[in-house]
1. Considering (1) within 25 Å of Glu22 (Cα to Cα); (2) surrounded by fewer than 12 Cβ atoms within 10 Å (Cβ to Cβ); (3) touching a residue at least 12 places away in the same chain (Cβ under 8 Å), say which one Pro62 fails and leave the rest.
2. From Leu104, Leu84, which residue is surrounded by 12 or more Cβ atoms within 10 Å (Cβ to Cβ), at pLDDT 80 or above and within 29 Å of Ala31 (Cα to Cα)?
3. Looking at segment 18-62, which of its residues are in a loop (DSSP other than H, G, I, E, B) and among the hydrophobic types (A, V, I, L, M, F, W, C)?
4. How many residues are over 16 Å from the mean Cα position of the chain (by Cα) and at pLDDT below 85 if we restrict to segment 87-101?
5. In segment 11-40, which residue that is among the hydroxyl-bearing types (Ser, Thr, Tyr) and in contact with a helix residue (DSSP H, G or I) (Cβ under 9 Å, 6 or more places away or on another chain) is surrounded by the fewest Cβ atoms within 10 Å (Cβ to Cβ)?
Amino acid sequence: MRSEDDERRTPVQCRGYIHVVEQGDTLYKLARKYDVRLFDIMRLNPYINVYNLQIGDEICIPTMAARPEKTYVVNEGDDLSRILEAFGVDFQTLARWNPTLMELELPVGLILKMPMERRNENTGALQDNG
């Protein structure tokens, strides 16, 4: 059974992405993270106390873009690199427009190669040793 407090914190119907508030979240940070207008987040979440976000609160993040967007339906045989190349975007940009990409589970046993990096002592910048 849901309490009155739960009903205040959970969007009734979200036409977007549900973000669960974590330590350090602010509406401004969420607007930047998801590339949406702060006003749109506030409009869709009138129940949220903007000055006192609670860890675990669910916030509706609108999926409507502040700028024009295209949509693409993934077809059989598509892979991420082919889609990125076809639309001329990098992964970070695609993930910002499609936050669920960051939640996809990787197959167990997949071996990922990681570059060996070290910091330049003079500039502090990362350098690739590969």
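1. Single failed check for Pro62: (2).
2. After applying the criteria, what remains is Leu84.
3. If the condition is that a residue be in a loop (DSSP other than H, G, I, E, B) and among the hydrophobic types (A, V, I, L, M, F, W, C), then Val21, Val36, Ile48, Val50, Leu53, Ile55 are the ones that fit.
4. Number satisfying all stated conditions: 0.
5. Here the answer is Tyr28.
The values are calculated or read from the model by the stated rules, or taken from the named source; none is laboratory data. None of these values were measured; they are calculated from a predicted model. Cβ atoms come from the backbone with ideal geometry, glycine included; neighbour counts cover every protein chain shown.
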